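Participant: A single structure is presented below for examination.
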Amino acid sequence: MRNFILLLSFTIISFLFAIFTSGEILYYIFFVNVALLSLSFLYAAIAILSISIEIDIDSTEINVDDKIKYSIKIKNKFFLPLAFVSIDENNRKFFPIATNLNSFQKKVIKRNVLFKKRGIYTVGPIVIKVKDPFGIFQMKKTVNRQYNIVVYPKVYDTPFDLPLASDVGGFASRAKQFEDYTNLANLREYVDGDSLKKIHWRISAKLQKLYVKEYQYTALSEVNILWDLYKNHYKADDGNIDEMTAECVLSLAKYCLTNGIPVRLVDYETNKPLAQCSRVKDFSIIKFWTLKLFPIYEIDFDRKLLEYVSGLPRDFTMAIVTPSIDEKLLAALSQININQNIAIFYTNKDRLDEKTKNRLGNSGIKITSWRDMYESVHMEVQHN
């Protein structure tokens, strides 16, 4: 832009001097400047139209701490070389690419991006800028192709010590005994292995397909996951504790569903269920919610706990996933009936003191350090 202003100013001045002085050389200078401006503009305009670009991404769904690879393919369809080409991907991890292209040349720019936090990220739209050889004009165009990259928390296949699982044992084979046959939850198509007693004959005859009845589960067979999203509990966090807590929630849900234990994920704001899942294929619903839930809430966790418990049946199983166990939470837990099945999964990197562990143990509450579970899984992977 600076070169354009200088050359335009010089062109105007030479034209004015040529008129008032009738100098032949000044007219030559004026026409040369006009020709230079015109040719430079024409060059930049044709060049921007002659560039083609493609994005090739190997995967759009990964886990935290994984890398995603993608390439940007750019081609010059112009018979003249392009000296100044800039490619901006709208990605804060990378600076815009500055390159050049010979006539009809194709280049491939490869990227490796490491994602440390869960969420939905985008690649694109891509902005391409081209300058003429003198840097007078700059043309740009936007390639409105956008690719969403979904980054899920890591999931670990590790057993969880739940009051429900330890009391029942062999849950995968015995989960059916906890179905409440007085409460119909859903209808679905028949699959091999379904009991013929569950077929809804009237609906099946009407739709010309076999449909089976699914029933709600009793409170004892369902694990209610309460995820601590009180923002003050993550105040000194650089993002690692938040991610570890999300990993714990997702790993716990997977363990329950693969063992036939229904799961309910609770909304921190409303205390209502965000997801009620009973089959392994429902795990994707829990994964989806981990991309939406972050520690942004102002209401203290102990208050949310008491609000939620007040709406549950007398006998229930609740898994509390939290990075902080303070006096207020201990006081709230002391108000809950000890006959209820409660397990706490502590996700802070700092270890819990023995006094707090003993207080929870005396209340009949099982406390598990996710850090210890996490490290044991890593040791096992390294050993294998």
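Participant: Can you tell me which condition G260 does not meet? The list is (1) surrounded by fewer than 16 Cβ atoms within 10 Å (Cβ to Cβ); (2) under 22 Å from M373 (Cα atoms); (3) more than 23 Å from the chain's Cα centre (by Cα); (4) not polar (S, T, N, Q), and all the others hold.
Facilitator: Result: G260 passes all but (1).
Participant: Could you identify the single residue in N112, N100 that is loosely packed, with under 15 Cβ neighbours inside 10 Å, outside any loop (DSSP other than H, G, I, E, B) and either touching a Phe, Trp or Tyr at 6+ places or on another chain (Cβ under 8 Å) or in the same structural domain as K292 (by TED's automatic domain parsing) (or both)?
Facilitator: N100
Participant: Moving on. Could you please find all residues in the stretch 237-283 being at pLDDT below 90 and of a type in the set (G, A, S)?
Facilitator: Within the stretch 237-283, G239, G260, A275, S278 meet the criteria.
Participant: A further question follows. Taking the conditions exactly as written (within 30 Å of T60 (Cα to Cα) and either modelled with pLDDT of 80 or more or not assigned by TED's automatic domain parsing to the domain that holds T270 (or both)), does Y230 satisfy them or not?
Facilitator: For Y230, the condition - within 30 Å of T60 (Cα to Cα) and either modelled with pLDDT of 80 or more or not assigned by TED's automatic domain parsing to the domain that holds T270 (or both) - is not met.
Participant: When the residues of the stretch 115-129 are filtered to those that are within 19 Å of the chain's Cα centre (by Cα) and part of a strand (DSSP E or B), which remaining residue is farthest from A45 (Cα to Cα)?
Facilitator: Step by step, filter the stretch 115-129, then rank; the result is G119.
Participant: Right, another one. From the residues in the stretch 232-257 that are in contact with an Asp or Glu (Cβ under 8 Å, 6 or more places away or on another chain), crowded, with 16+ Cβ neighbours inside 10 Å and not hydroxyl-bearing (S, T, Y), which one is farthest from R371 (Cα to Cα)?
Facilitator: L257
Participant: Now a separate question. Report whether or not V85 is part of a strand (DSSP E or B), touching a helix residue (DSSP H, G or I) at 6+ places or on another chain (Cβ under 6 Å) and either under 29 Å from L39 (Cα atoms) or not acidic (D, E) (or both).
Facilitator: no
The values are calculated or read from the model by the stated rules, or taken from the named source; none is laboratory data. This structure is a prediction, so every number in the text was calculated from the model and none was measured. As a convention, Cβ positions derive from the backbone with ideal geometry for all residues, glycine included, and neighbour counts pool all protein chains shown.
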